Amino acid sequence: RIVYVNGSYVPEEEATVSVFDRGFLFADGVYEVTAVVDGTILEFDGHVQRLERSLRELDMDMPVTRETLLEIHRELIRRNNLEEGMVYLQVTRGEADRDFAYPKAAPQTLVLFTQAKSLVDAPMAKQGLRVIAAEDLRWARRDVKTVQLVAPCMAKMLAKAEGKDDAWMVEDGYVTEGTSNNAYIITKEGSIVTRNLSNSILPGITRAAVLKLAAEKGMAIEERPFTIAEAQEAAEAFVTAATTFVCPVIEIDGVTIGNGTPGPLTSRLKELYIDEGRKTAL
Ligand code: PLP
C-alpha cells in the first residue's frame, strides 16, 4: 500500500511517525473514515465538516484545506487502485516533549491510508448482526471523534467472546450507540427510534443522511433514548456507519428481533442510502 504522511506518499513500510507524537502518547488526535464505492468517496463533505468540528473542540486547526484533503483522498484511491473499501484519516497534535500541557504551535501529524473491503455486498449486511449489551465506559465527549478507542475495543471483544458481532453500549439504562456505529430500532408502529444528538454519542454522518432520506419518504422518526428492553420488543433494529451503511441487527442480548432476518424497512433504508450515496459521491 501507498500511504500518506505529512505531505508525502510513501510505501507503508517506509512511513514513520515520531514516538513522541501526542497521538501515540495521549490519544491526542481525531480521525475520520469514509467509504469508497466504485472508486468514489461517499459523504465527503459531511466527514470534512465533522473533522473540522472535532479539531475545533480539541483546540486544533485543520491541517490542510478541504480541497487538499479531497485531492489526497483521490490520489490515495488512484495509487492503490481502490475500487471499494475505506479511506482512514488521522490528525494528531503532533510531536512534542511529553507533558500534559501542549505547545500551541505543535506541528500536527496528518496520516491517511486506504483499506480494500467489500462493502455493498458485505455478508454481515445480508445476514444481520447479533449484538450484546455492554456498559458504556467511554469518556463524556463522545461527540468528538478522538482516537481514544480502547473502551469500545473492549466492548467489541466482550461481544466476540460470546460469539456475537458487536455491542450496544448502555449508560444509565439507555443505549448510547454501537462500538463503531449509531443504533436504531423500528417500533411495531413503524417509527424509527434513535438516540438524540448530545455529548453522549457521535453525530454519525450516515445517521444524518439516513434520517434525512427517511424524513423525505415520510417515515416517522423519534430522536430519543431507548432501553435494551424496548429494543428487544422492536419490529426491526439496525446500525449505521460510513462503511457498513445501514446494517440490520437480528438479535439483542439473546433476544431475536422480529423473525430473525433483516426487516423490510431496514432493507429499504439501506437501498435508499446506497443509491443516494452513489449519486452524491465525489
Ligand atoms: N458511533 C461511533 C462510536 C462510531 O465510531 C461511528 C463510526 O465509526 C459511528 C457512530 C458512525 O458514524 P459515521 O456514520 O459518521 O461513520
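Derivation of every value follows stated rules applied to the coordinates shown; laboratory data play no part. Predicted, not measured: the structure shown is a model, and the values here were computed from it. Cβ coordinates were reconstructed from backbone atoms using ideal geometry, including for glycine residues, and neighbour counts include every protein chain displayed.
Here are the numbers for this structure:
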quantity	calculated
Cleavage-rule hits, trypsin sites (Lys or Arg not before Pro), the stretch 187-244, DSSP coil, Cβ neighbours within 10 Å at most 12	K188, K217
Loop-resident sites, the stretch 82-158, for trypsin sites (Lys or Arg not before Pro), counting at most 12 other Cβ within 10 Å (DSSP)	R98, K104
Chymotrypsin sites (Phe, Trp or Tyr not before Pro), loop per DSSP, at most 15 other Cβ atoms within 10 Å - longest free stretch of the chain	140-282
Those aspartates and glutamates that a straight Cα-Cα span of less than 14 Å connects to K164, excepting residues fewer than 8 apart in one chain	E251, D253
Relative contact order, percent, the stretch 21-180 [alpha-carbon distance under 8 Å, six or more residues apart]	25
Using distinct alpha-carbon pairs, which all enter the 1/r mean, Kirkwood radius of the stretch 72-168 in Å	16.9
Förster-model FRET efficiency, 45 Å R0, F20 and R268, C-beta, rounded to 0.05	0.35
Backbone N within the stretch 126-152 under 12 Å of label point (7 Å from V255 Cα along the Cβ vector)	133
Relative contact order, percent, the chain [alpha-carbon distance under 8 Å, six or more residues apart]	19
Spin-label model distance (nm) - A101 vs E83, 7 Å beyond Cα toward Cβ	5.5
Three-way shape label, the stretch 1-133, alpha-carbon gyration tensor, a/c 1.5	prolate
Greater than 18 Å apart at Cα, pairs in K126/K270; K212/K279; K117/K279	K117/K279
q = 0.13, 0.14 Å⁻¹, the chain: log10 I(q)/I(0) [Debye, one scatterer per Cα]	-0.91, -1.04
